[in-house]
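K.L.:
Quick one: the structure is below, questions incoming.
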Amino acid sequence: GGSTPIAERLYLGGSNDVRGWRARRLGPYICDPDTGVPCVSARDRARPVVSTDESGRPVYADTIPIGGVLSLFTSIELRVYSLQGVGFALFSDAGMAWLTYADAVPPVLYPSVGTGLRYKLPFGAARLDVARRLVELDVLNPEMFLGEPLWNVHFGLAEAF
């Protein structure tokens, strides 16, 4: 896992897979770029609090996505188009990327749901999707995803799949 170059690792999140996440933000993180300490241990719960969010919860020092060597995601989408090429979509996505195979057993996938508008163009569809993560916090490490927004907006050309 750690020997795979970061540029060749797998990342999830964004307009083409798990849309409830920002691009490349669903997966393993490090908390300290100088030491490469991963954000998976109880020690990380003591990392510096930078501020608090609008609900008064602590916002921790930035986490840096490092990608995984294994990923799994799934999507289901219902699309309805009018004769004029305007469409509407409802979707649900779930996924996760892991740094080691041991981390993926059993696989815990992070779900999101959303809706979108579509417009058929001669070369494909233009789309605007709005999605919300259904899991606010990581089950095993509650502070890991505190800095990630619950809602995300994505624009794309062509369908997600």
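The values are calculated or read from the model by the stated rules, or taken from the named source; none is laboratory data. If you're wondering where the values come from, they're calculated on a predicted model, not measured in any experiment. No Cβ is skipped: glycine too gets one built from the backbone with ideal geometry, and neighbour counts run over all protein chains shown. The protein model used for the area step is the full one, side chains on, heavy atoms only, and it has no ligands, DNA or RNA in it. Shrake-Rupley method; radii C 1.70, N 1.55, O 1.52, S 1.80 Å.
K.L.:
Among the residues of the stretch 97-113, which ones are of a type outside the set (A, V, I, L, M, F, W, C) and surrounded by 15 or more Cβ atoms within 10 Å (Cβ to Cβ)?
P.N.:
To start, the set of residues in the stretch 97-113 that are of a type outside the set (A, V, I, L, M, F, W, C) comprises 100-101, 103, 106-107, 110-112.
The answer is ASP103, TYR110, PRO111, SER112.
K.L.:
Now for a separate question. Any residue at all in the stretch 21-29 that's within 20 Å of PRO149 (Cβ to Cβ), of a type in the set (Gly, Ala, Ser), open to solvent by less than 40 Å² (accessible area, probe 1.4 Å) and at pLDDT 70 or above? Write out each step before concluding.
P.N.:
Initial filter on the stretch 21-29 (within 20 Å of PRO149 (Cβ to Cβ)): 21-29.
If we keep only those that are of a type in the set (Gly, Ala, Ser) too, we end up with 23, 27.
From what is left, the residues that are open to solvent by less than 40 Å² (accessible area, probe 1.4 Å) are 27.
Imposing the further condition that a residue be at pLDDT 70 or above reduces the set to 27.
Scanning the stretch 21-29 turns up at least one residue that is within 20 Å of PRO149 (Cβ to Cβ), of a type in the set (Gly, Ala, Ser), open to solvent by less than 40 Å² (accessible area, probe 1.4 Å) and at pLDDT 70 or above.
K.L.:
Let me ask something else. Out of the stretch 127-143, which residues are farther than 20 Å from VAL80 by Cβ and at pLDDT 65 or above?
P.N.:
ARG132, ARG133, LEU134, VAL135, GLU136
K.L.:
Can you pull out the residues in the stretch 49-84 that are at pLDDT below 95, surrounded by fewer than 17 Cβ atoms within 10 Å (Cβ to Cβ) and touching a strand residue (DSSP E or B) at 6+ places or on another chain (Cβ under 7 Å)?
P.N.:
Selection gives VAL49, VAL50, SER51, THR52, ASP53, PRO58, VAL59, ALA61, ILE64.
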